[in-house]
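Encoded as structure tokens, the structure appears first; notes follow it.
Just so you know, all these numbers are worked out from the coordinates, no wet-lab data involved. Quick caveat, the model's predicted, so the values are computed rather than measured. Cβ sites come from the backbone with ideal geometry, for glycine too, and all protein chains shown count toward neighbours.
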Amino acid sequence: MINVLIVEDDPMVAEFNKRYLEQMEGFNLVSVSSDGAAAFKVLEQEKVNLILLDIFMPEINGLEFLSEVRAKDAALDVIVISAANDKGSINKALRLGAVDYLIKPFEFDRFRSALERYKSKKAYFDLDREPSQKELDELMFHNDQDESAGNELPKGLTKDTLNMVWNEIKGLDNNGFSTEDLTFNVGISRVSTRKYLAFLSDIGVLEAQTIYGSVGRPQTRYQRVPQSETLIKTYL
């Protein structure tokens with residue numbers, strides 16, 4: 001059983017992460033901490049294998065917490081789950097040894113994928129034998145999945161609609177566009193549009209940035225990456 005600590009200061013997000021975790025076999029929730037100090041107390045008292053870690057937290061942020069964890073040489077792993085989508089935060093988290101990075105908001109499928117990959121890696125390294133290069137390559141680069149299977153669309157998405165969405169995106173101003181911009185032009189629901197944008201962001205075709213205005217809710221805007229055509233062509 002993999003023991004998990006959720007470190008998240010937003011009670012609603014923490015509850016979602018908890019419910020998602022409860023749907024995964026082989027994982028046990030040890031505790032939920034709202035800040036780094038409380039999380040360190042849990043680590044002193046409980047055996048934890050995996051931390052689901054937010055970045056934006058009071059007093060000590062997630063990256064500072066992760067840095068302290070690494071300084072202690074604690075034998076545990078971290079998956080970052082955060083709204084921080086800037087390259088600096090992502091790069092620092094990976095340098096500090098985060099095994100995955102989920103950008104809020106995300107779909108359950110992405111959460112499940114992250115935890116299943118982690119479980120496979122942990123089970124492999126728990127084996128009492130030396131790894132071969134082939135096994136290590138498959139584990140690190142997911143070469144055990146054939147190429148065509150890797151290019152299948154997630155459940156609920158279709159190639160026809162993806163083509164429509166992508167063709168419309170290519171015609172939009174690449175200085176940035178919103179979900180509403182795309183929904184209006186493509187003619188599908190806002191919920192469906194968000195699913196396609198989340199998928200395109202997950203495979204690296206789009207970069208998402210959250211814009212915080214002085215009034216109203218923050219808005220997510222998207223831009224195509226330079227290599228977007230290459231990344232998406234095998235899905236169309």
* Could you check the simple spin-label distance between Lys87 and Ser120, using points 7 Å along Cα→Cβ, in nm with one decimal? => 2.9
* GNM top mover of Val191, Val80, Val13 - the chain, alpha-carbon springs below 10 Å -> Val191
* **Length-normalised contact order of the chain in % [C-alpha pairs under 8 Å, at least 6 apart]** => 12
* Asked: By how many nm would the segment from Glu130 to Leu94 grow when fully extended, if each residue of separation counts as 0.36 nm and the alpha-carbon distance is taken off?
  -> 10.4 nm
* To do: Could you please rank Lys195, Lys87, Lys170, placing first whichever residue has the fewest other Cβ atoms within 10 Å of its Cβ?
  => Lys87, Lys170, Lys195
* Structure fact -> Helix 159-171: inclination vs the chain longest Cα principal axis, degrees, rounded to 10, gives 70
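Would you work out the charge dipole size for the chain about its Cα centre, treating the Cβ of every Lys and Arg as +1 and the Cβ of every Asp and Glu as -1, and quote it to the nearest 20 debye? Before the final figure, lay out the partial values.
Working: 28 positive and 38 negative charges, 91 e Å.
Here the size comes out at about 440 debye.
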* What are the radius of gyration and Dmax of region 159-235, computed over its Cα atoms and given in Å? -> 12.1, 40
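If neighbour count is taken as other Cβ atoms inside 10 Å, put Glu46, Glu68 in order from fewest to most. Intermediate values should be presented prior to the final figure.
Details: Glu46 11, Glu68 14.
Least to most surrounded, the residues fall as Glu46, Glu68.
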* Of Lys18/Lys122; Lys18/Lys119; Lys87/Lys122; Lys170/Lys233, which sit over 23 Å apart, Cα to Cα? -> Lys87/Lys122
* When the helices in the chain are scored as -39500 (n - 2.57) per DSSP H run of 4 or longer and the sum is shared across all residues, what 222 nm value do you end up with, to the nearest 500 deg cm²/dmol? -> -14000 deg cm²/dmol
* Could you state, as a whole-number percent, how many of the C-alpha pairs of the chain are farther apart than 30 Å? => 33
